[in-house]
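Structure first, commentary second.
Read-outs throughout are calculated quantities, based only on the coordinates presented, and are distinct from any laboratory measurement. All values reported here derive from a predicted model rather than from experimental measurement. FYI the Cβ positions are ideal-geometry reconstructions off the backbone, even for glycines, and counts take in every protein chain you see.
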Amino acid sequence: HVVKKKKARVELENPDVNIGIELFNKRAYLFNERINGLGGLPVGIEGNVGLLLEDKDSLIAGILMLKRGCSLSLIKKKDVDYGLLKKFCYGFELKEYKKMPDNIKAIVVNDNIDYIKKRGFKLTVFRPLIGYTRDELEKWLMYA
């Protein structure tokens with residue numbers, strides 16, 4: 001189709017333009033540019049976890065769990081704008097809860113290497129920021 005429309009030649013060894021085709025939902029998408037994202041697993045394939053939403057660090061913890069393929073249920077403890085999370089889970093709805101929903105099997109918290117809080121949860125607790133220093137988290141927030 002492209003060769004006919006543009007009267008172009010196919011040159012596999014030294015192409016002037018790379019054209020990609022992706023097939024999705026019985027449709028074909030043509031593109032000539034790739035934009036690398038954060039990488040990771042498709043959102044939702046690893047199940048749903050609760051994100052304890054307390055501050056900006058919680059947003060980073062949520063993004064890291066999205067990269068690991070989890071979908072998020074937001075347990076809001078404070079009024080935090082979570083618009084940033086929406087950018088990373090396109091096609092998935094983020095639901096807000098004031099208390100822990102019954103269907104949650106694990107909780108994500110914002111503890112990092114400089115600050116670990118004792119938590120009283122009877123669930124598995126994920127601490128994706130545990131290896132990050134405060135300086136590293138500040139850099140993350142600059143790019144987010």
| To the nearest 20 debye, what is the magnitude of the charge dipole of the chain about its Cα centre, counting +1 on the Cβ of each Lys and Arg and -1 on the Cβ of each Asp and Glu? | 540
| By DSSP, what percent of the beta bridges with both residues in the chain are antiparallel, rounded to the nearest 5? | 30
| query | Which order results if ILE35, ILE21 are arranged by neighbouring Cβ count within 10 Å, fewest first? | reply | ILE35, ILE21
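If packing is taken as the average count of other Cβ atoms within 10 Å, what order do 99-108, 67-76 fall into, highest mean first?
67-76, 99-108
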| said: Using a Förster radius of 35 Å, what is the FRET efficiency between ASP81 and VAL2 based on their Cβ-Cβ separation? Nearest 0.05, please. | reply: 0.25
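Set the bar at 21 Å for Cα to Cα. Now go through LYS76/LYS117; LYS87/LYS117; LYS56/LYS122; LYS76/LYS139; LYS67/LYS105 and name every pair that lies beyond it.
LYS87/LYS117; LYS56/LYS122; LYS76/LYS139
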| query | Which residue fluctuates the most in the chain, going by a Gaussian network model with Cα springs under 10 Å, if the choices are ASP114, ASP81, ASP16? | reply | ASP16
| query | Separation of the stretch 58-124 and the stretch 31-56 by C-alpha centroid, Å? | reply | 12
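Which loop GluC sites (Glu not before Pro) in the stretch 25-134, with loop taken from DSSP, have no more than 11 other Cβ atoms within 10 angstrom of their Cβ? Intermediate results must be reported in sequence, preceding the final value.
Details: sites: GLU33, GLU46, GLU54, GLU93, GLU96; in loops: GLU33, GLU46, GLU54, GLU93.
Within the stretch 25-134, the qualifying GluC sites (Glu not before Pro) (loop, at most 11 other Cβ atoms within 10 Å) are GLU33, GLU93.
Can you pull out the chymotrypsin sites (Phe, Trp or Tyr not before Pro) in the stretch 1-105 whose DSSP state is coil and whose Cβ has at most 10 other Cβ atoms within 10 Å?
Within the stretch 1-105, the qualifying chymotrypsin sites (Phe, Trp or Tyr not before Pro) (loop, at most 10 other Cβ atoms within 10 Å) are TYR90.
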| remark: Neighbour-count ranking for MET65, MET142 (other C-beta within 10 angstrom, fewest to most) reads MET142, MET65
| query | Given a Förster distance of 22 angstrom, what is the FRET efficiency for VAL10 paired with PHE31, based on the Cβ-Cβ distance and rounded to 0.05? | reply | 0.80
| note | Output row, site ARG134, 7 Å Cα→C-beta label point, backbone N cut-off 20 Å, window the stretch 28-65, residues 54-61
| message | Just to be sure I understand, if you calculate Rg and Dmax of the Cα atoms in Å for this structure, which of [x] 14.9, 52; [y] 20.4, 67; [z] 15.4, 50 do you get? | response | [y]
